[in-house]
Amino acid sequence: MWMSVPVILTLLQALAVLGRRVVVNWDVGYVDIDRDGYGSRRAIGVNGVLPIPPVRVTVGDTLALTVHNSLNLTTSIHAHGLFQKGTNYMDGAASITQCGIPPGSQFTYEYVVQQAGTFWLHGHDHYQNADGLRTPLVVYDRGSPPVKYDEDILLSFEDWYTETFTERVRITLDPSLPFPPPHGIGFGLINGINGNITKPIHFQPGRA
C-alpha cells in the first residue's frame, strides 16, 4: 500500500522527535602526512587529523555538521548515498546544490538522517575527496539489529597516490606529455594506512 505524502512527512517528523541532535565541528585544512610509507605529501584533513574519524548517528537523528574552511580554495561536504528528501539544499554538491564555502568561512549542514547503512561524507569541490577529505558516515537503524553479533568492524578502503590529485590531473591533461601518463605509485589504503602494512585482523571462532 502506498502512503500519502502527508503520512510520510508525519512519520519523518516522529523520527525527528525520537532522535538526537548530533553536533559535529570540522575545521577543514591542509596536513602533511605519510599515509603510504613513501614520504609525506600535502593532503586535506579535519581538525589537523587524517584519516578523519567516522561520523556515527542513528536513523531519526539530526546531524548538524559545521564546516569551517581553512583551505585556500572553496570547499563543500557531500553525504554520499543519502537521498536528502526535502533537504537537497543540504546535499553539499558545489556548483549544483550550493556555492562552495569560501576560505575563512563556515557553513552548517543540518538534516534528519532517514536511511540506515554505511555512507560517505566527502569533499565535493576541487578534487578534495581524492586528497583525503572523506570519511565513513555510519547510520544505525533504530531498535534491535536483525541479527545478533559480537563485534562491529568498520573497514574503509581508499585509493591514494604519492602526488596530489591536482598534480595527477595536470599530468593527464598536459598536451606536451605522453598520454596516458605514466602510472604513479598508487596504493589501496585500509582505514587510512597502506594496505601492504596494515595490521591483520584476528577473528575468534564462535564470535560473529
Practice problem: Kindly indicate whether PRO181 is of a type outside the set (Val, Ile, Thr) and loosely packed, with under 12 Cβ neighbours inside 10 Å. | Solution: no
Self-check item: Complete set of residues in segment 17-56 that are within 27 Å of TYR127 (Cβ to Cβ) and of a type in the set (A, V, I, L, M, F, W, C)
Solution: VAL24, TRP26, VAL28, VAL31, ILE33, ALA43, ILE44, VAL46, VAL49, LEU50, ILE52, VAL55
Quiz item: Of the residues that make up segment 137-154, is at least one touching a strand residue (DSSP E or B) at 6+ places or on another chain (Cβ under 6 Å), closer than 23 Å to LEU71 by Cα and at pLDDT 90 or above?
Solution: yes
Quiz item: Going through segment 19-47 one residue at a time, which ones are in contact with a Leu (Cβ under 7 Å, 6 or more places away or on another chain) and open to solvent by less than 30 Å² (accessible area, probe 1.4 Å)?
Solution: VAL22, VAL24, TRP26, VAL28, GLY29, VAL31, ARG35, ALA43, ILE44
Self-check item: PRO175, sole failed condition from (1) of a type outside the set (Lys, Arg); (2) modelled with pLDDT of 90 or more; (3) under 21 Å from SER76 (Cα atoms); (4) out of contact with any strand residue (DSSP E or B) (no Cβ under 7 Å at 6 or more places or on another chain)
Solution: (3)
Practice problem: Only residues that are in contact (Cβ under 8 Å) with a residue 24 or more places away in the chain and either hydrophobic (A, V, I, L, M, F, W, C) or touching a strand residue (DSSP E or B) at 6+ places or on another chain (Cβ under 6 Å) (or both): list them for segment 124-135, please. | Solution: HIS124, ASP125, GLN128, ALA130, ASP131, GLY132, LEU133, ARG134, THR135
Quiz item: Looking only at segment 87-111, which residues are part of a loop (DSSP other than H, G, I, E, B) and either touching a residue at least 24 places away in the same chain (Cβ under 8 Å) or open to solvent by 40 Å² or more (accessible area, probe 1.4 Å) (or both)?
Solution: THR87, GLY92, ALA93, SER95, ILE96, THR97, CYS99, GLY100, PRO102, PRO103, GLY104, SER105
Quiz item: So which residues in segment 82-115 are of a type in the set (Gly, Ala, Ser) and at pLDDT 95 or above, if there are any at all?
Solution: GLY100, GLY104, SER105
Quiz item: Any idea how many residues of segment 113-151 are of a type in the set (A, V, I, L, M, F, W, C) and part of a helix (DSSP H, G or I)?
Solution: 1
Self-check item: Residues (assigned to a loop (DSSP other than H, G, I, E, B) and within 10 Å of GLY123 (Cβ to Cβ)) located in segment 62-72
Solution: LEU71
Quiz item: If we scan segment 155-170, do we find a residue that is in a loop (DSSP other than H, G, I, E, B), open to solvent by less than 70 Å² (accessible area, probe 1.4 Å) and over 24 Å from VAL49 (Cβ atoms)?
Solution: no
Quiz item: Can you find even one residue in segment 53-67 that is crowded, with 20+ Cβ neighbours inside 10 Å, in contact (Cβ under 8 Å) with a residue 60 or more places away in the chain and under 20 Å from TRP160 (Cα atoms)?
Solution: no
Self-check item: Residues that are aromatic (Phe, Trp, Tyr), touching a residue at least 40 places away in the same chain (Cβ under 8 Å) and more than 21 Å from LEU121 (Cβ to Cβ), drawn from segment 156-208
Solution: PHE187
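The values are calculated or read from the model by the stated rules, or taken from the named source; none is laboratory data. As the structure is a prediction and not an experimental result, all values here were calculated from the model. Glycine gets a Cβ as well: all are built from the backbone with ideal geometry, and neighbour counts include every protein chain shown. We work out accessible area using only protein heavy atoms, side chains counted, and drop any ligands, DNA or RNA first. Shrake-Rupley method; radii C 1.70, N 1.55, O 1.52, S 1.80 Å.
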